[in-house]
1. According to a simple spin-label model (label point 7 Å from Cα along Cα-to-Cβ), what is the distance in nm between residue 145 and residue 168?
2. For every other residue with a beta carbon closer than 14 angstrom to the beta carbon of residue 101, add +1 if it is Lys or Arg and -1 if Asp or Glu, then tell me the sum.
3. Using 7 Å Cα-to-Cβ label points, what is the residue 30/residue 97 separation (nm, one decimal)?
4. If the limit is 31 Å between Cα atoms, which of 59/117; 59/133; 133/187; 59/184; 130/183 go over it?
5. What does the net charge come to around residue 80 if you take all other residues with beta carbon closer than 12 Å to its beta carbon, with K and R at +1 and D and E at -1?
6. Please sort 61-67, 120-126 by packing, taking for each peptide the average over its residues of neighbouring beta carbons within 10 angstrom, highest first.
7. Using label points projected 7 Å from each Cα along Cα→Cβ, tell me how many nm separate residue 67 and residue 161, to one decimal.
8. Assuming 0.36 nm per residue, please report the length gained on full extension of the stretch residue 117 to residue 131 beyond their Cα-Cα distance.
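A short reminder: the numbers here are calculations on the coordinates, not readings from a lab. Treat the numbers as computed from the prediction; the structure is a model and nothing was measured. Every residue, glycine among them, receives a Cβ derived from its backbone with ideal geometry; neighbour counts consider all protein chains shown.
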Amino acid sequence: MLNKLIASVIICTGLVACSSHGENPGIEYAPDMYYSKGYEPYSQMRHMAYNENGMTMRKPVIGSIARGQLDYIYKFPDTPEGYEASASNLNAVEATEENLMEGERLYNIYCWSCHGKEGKNDGPVITEGKFAKPPFANYQDPYIQNLPDGKIYHVITYGKNMMGSHAHMLTPTQRWQVIHHVKKLSKNAAPVVSSDSTAVAAQDSTTN
């Protein structure tokens, strides 16, 4: 009788221990294989009472800039005032053949689907009616021909109207390279600087 009682207790204890409920996962084999000791992106294991909105991770300090994304800084960058002030920024990347080719390559990845291969605003996103056309007819419009490089850079970085920010897709150097191609399509391109085997695109560390 005692043996049966002991066996019953062991079985009941085992069943209770293996059951999961709430935040208790029960008994797990090698739990470190399932749950990382460190916090992972987009993972919220539990509510953090001492963080904003109970988040696992705290927000970066105000003014923090991601590595490789240092940019020109205005007091209010993503504002009409910041957009107007950006006109004074000149293209930080030389218009070499290499940079023009790279700008065209990047444009054909990130820009053509809206603006079209020739800057006619006839990319599939526009022609299929998914978004409204930009307010200018095409890149050959005087508006684009006369638009300062700095303002184009500002739009690529922060977005404007229906166009969202492309800062997470293009590094500072790549944005300037794309601008060279945009100006080339507008028939108002800067003269190409003669280049040799040592001519390379400016490094992000020197253009941001």
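1. My value for the distance between the label points is 3.7 nm.
2. Net local charge, residue 101 excluded: -3.
3. Between residue 30 and residue 97, the simple spin-label model gives 5.6 nm.
4. 59/117; 59/133; 59/184
5. Summing Lys/Arg as +1 and Asp/Glu as -1 gives -1.
6. In descending order of packing, they fall as 120-126, 61-67.
7. Modelled inter-label distance: 3.8 nm.
8. 3.3 nm
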